[in-house]
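**Student:** Pasting a structure here, questions to come.
The values are calculated or read from the model by the stated rules, or taken from the named source; none is laboratory data. None of the values given here were measured: they were computed from a predicted structure. Note: ideal-geometry Cβ built from the backbone for every residue, glycine included; neighbour counts use all protein chains shown. For accessibility, only protein heavy atoms count, side chains too; no ligands or nucleic acids. Shrake-Rupley method; radii C 1.70, N 1.55, O 1.52, S 1.80 Å.
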Amino acid sequence: MSEGLTAEQEMIRDAARTFAQEIVAPRAAEIDRTHDFPADLVRRAAQLDLMGIIVPEEYGGTALGHLAFAVYVEEVAAVSGALAVILDVHSSVGTEPIVDWGSDEQKRRYLPRLAAGEMLGAFALTEPESGSDAASLQTTAERVGDRYVLNGTKTFITNVGVADLYIVMARTGGPGARGISAFLVEKGMKGLGFGQPMHKMGLHGSPTGEILLDDVEVPEENRLGPEGAGFKVAMKALDSGRIGISAQAVGLARGALDLAVEYAKQRVQFGQPIIQFEGIQFMIADMATAVDAARLMTWDAAAACDAAEPFTLLASMAKLFATDTAMTVTTDAVQIFGGYGYIKEFPVERFMRDAKATQIYEGTNQIQRIVIARELLRGD
Ligand code: CAA
């Protein structure tokens, strides 16, 4: 692991590593097999103060920042990609927009409970007909007196059904980005429903699915940010969310690399452990180099975010590189395990299935290239 962390960041890394290795790791395969949401592990994370790292202290968080957050998400992802994305989405896109855009009243009402893990957060932007082209979303929020009435369908929502608070983007004005506003929608509000859980390739145990909004009445005080600012709320959330996904990808890659090295030391073929063969050594060398580079890019974006410097470019570059690294490294880990890598009795195939999602969600890697190119062309 690269050096350069502060004492506080090291403390978070150590606490998260102990939690991950001792409590989460023994459960990871079972969560993958049963698809059960690991509510008890989320509670343990909350008890360890891991759910309010991005929340200011005055609202009950630890305010340790995005680099500490990346360090923590990596540790969890190194043993369970599913728990990592549950916790990541809660903090980054599910909580941080309230830190950035919330009124004092909204912050007081929600942040302490989100930081304590009494509420789980979620983020609802995507719709069946609006994925990469997020500004084309069709869910409506019609103003009626001092309320908004929300109608539409959101899909591919992480933490669906188990989350208590959903940051929902809906159209209050004309077409395009400027017609969108953000809303804080609580579980239990009349008209809010959930579709059947989706059966995903990986990340089992992290529920994903549809949110159905059928005349959901949301009071005006639950609008997050000004009317028409919802697209910016979403884009800013995703900038920082992409740091979390990068960290998740680094963790998945590191976890698979560690397993592959361990296996290659044990597995004897042609009279010696296969780690003695240059073909395997070169694979492992490339994997370790890519993991380290991905981590440094992730930390670079996180540090820029913590320093309140522009970080859209760095976050998209980190997301692109780290998630492609996760896919390559986990695939190579399966290759090193050979036939054993392809069966579910060994954990590496889970890492490979989990890694695939990271190239897709919070903006596909094709969208990251668009963001990177636009930032470069803007030139400031
Ligand atoms: N921060 C703040 N504002 C931003 C911004 C940013 N990073 N990026 C764009 N904006 C603003 C622009 O300045 C512009 O504002 P003005 O109207 O005032 O000029 C406005 O938003 C519109 O911007 P664009 O013209 O660039 O918008 P676009 O329609 O061309 O789309 C896009 C840009 C980058 C392609 C965007 O649609 C995008 O990121 N798409 C991918 C969506 C995505 O990541 N979805 C993931 C779903 S969530 C998820 O996966 C979570 C999970 O559960 C794991």
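**Student:** Would you mind calculating the gained length between residue 142 and residue 47 on full extension (0.36 nm times residue separation, minus the Cα-Cα distance), in nm to one decimal?
**Tutor:** Taking residue 142 through residue 47 to full extension adds about 30.2 nm, to one decimal.
**Student:** A further question follows. Applying the Karplus parametrisation 6.51 cos²θ - 1.76 cosθ + 1.60 with θ = phi - 60° to the phi angles of region 248-259, what ³J(HN,Hα) value in whole Hz is obtained for each residue in order, glycine and proline being reported as x?
**Tutor:** The phi angles translate into 4, 5, 4, x, 4, 5, 5, x, 5, 4, 4, 5 Hz.
**Student:** Rounded, prolate or oblate: pick one for region 232-379, where a ≥ b ≥ c are the square roots of the eigenvalues of its C-alpha gyration tensor, a/c under 1.5 means rounded, and failing that, prolate if a/b is larger than b/c, else oblate.
**Tutor:** Taking the square roots of the gyration eigenvalues as a ≥ b ≥ c, region 232-379 is prolate.
**Student:** Under 8 Å for C-alpha pairs, at least 6 residues apart: give me the relative contact order for the chain, rounded to a whole percent.
**Tutor:** That works out to 17 percent.
**Student:** Oh, and also: Would you mind checking the pairs 265/344; 200/344; 200/356; 319/356; 154/187; 107/319 and listing those with alpha carbons more than 18 angstrom apart?
**Tutor:** Distance filter (> 18 Å) returns 265/344; 107/319.
**Student:** Using modelled amide H (1.01 Å from N, peptide plane; none on Pro or chain starts), what sits under 5 Å from the amide H of residue 123, excluding residues fewer than 5 places away?
**Tutor:** Amide H neighbours of residue 123: 158, 167.
**Student:** From the phi angles alone, apply the Karplus equation (6.51, -1.76, 1.60; θ = phi - 60°) to region 106-120 and give each ³J(HN,Hα) in whole Hz, x where the residue is Gly or Pro.
**Tutor:** Computed from phi, the couplings for region 106-120 are 5, 5, 5, 6, 10, 4, x, 6, 5, 5, 7, x, 6, 10, 9 Hz.
**Student:** Right, another one. Over region 105-174, what is the relative contact order in percent, taking alpha-carbon pairs closer than 8 angstrom and at least six residues apart?
**Tutor:** Computed over region 105-174, the figure is 39 percent.
**Student:** Per the 1.4 Å probe, what fraction of the accessible area of region 189-348, in percent, lies on carbon and sulfur atoms?
**Tutor:** 59
**Student:** For the chain, give the share of DSSP beta bridges that are antiparallel, in percent and rounded to the nearest 5; count only bridges with both residues there.
**Tutor:** About 85 percent, rounded to the nearest 5.
**Student:** Could you tell me the distance between the Cα centroids of region 122-178 and region 310-333, to the nearest Å?
**Tutor:** Using only Cα atoms, the two centres lie 28 Å from each other.
**Student:** Just 123, 69, 277 to compare: in a GNM of the chain, with alpha carbon springs under 10 Å, which one fluctuates most?
**Tutor:** Highest fluctuation of the listed residues: 277.
**Student:** In whole Hz, what ³J(HN,Hα) sequence does region 350-365 give by Karplus (6.51, -1.76, 1.60; θ = phi - 60°), x for Gly and Pro?
**Tutor:** 5, 4, 5, 5, 5, 4, 4, 4, 5, 7, 10, 7, 6, x, 4, 5
**Student:** Moving on to the next point. For residue 25 and residue 133, what is the calculated FRET efficiency with R₀ set at 41 Å and r taken between the beta-carbons, to the nearest 0.05?
**Tutor:** So the FRET efficiency works out to roughly 0.55.
**Student:** Another question, then. Ranked from highest to lowest mean number of other Cβ atoms within 10 Å per residue, what is the order of the peptides 34-43, 167-176?
**Tutor:** In decreasing order of mean packing, 34-43, 167-176 become 167-176, 34-43.
**Student:** Still on this structure, I have one more. Would you mind working out the accessible area per residue for the chain, using a 1.4 Å probe, and quoting it in Å²?
**Tutor:** Ligands and nucleic acids excluded, the figure is 43 Å² per residue.
**Student:** Cβ under 10 Å from residue 242's Cβ, residue 242 left aside: what net charge do those residues give with Lys, Arg +1 and Asp, Glu -1?
**Tutor:** -1
**Student:** Considering only region 121-228, what is the antiparallel percent among its DSSP beta bridges, to the nearest 5?
**Tutor:** Taking every DSSP beta bridge with both residues in region 121-228, the antiparallel ones total about 85 percent.
**Student:** Still on this structure: State, as an integer percentage, the relative contact order of region 151-258 based on alpha-carbon contacts under 8 Å between residues 6 or more apart.
**Tutor:** 32
**Student:** For every other residue with a beta carbon closer than 11 angstrom to the beta carbon of residue 60, add +1 if it is Lys or Arg and -1 if Asp or Glu, then tell me the sum.
**Tutor:** -1
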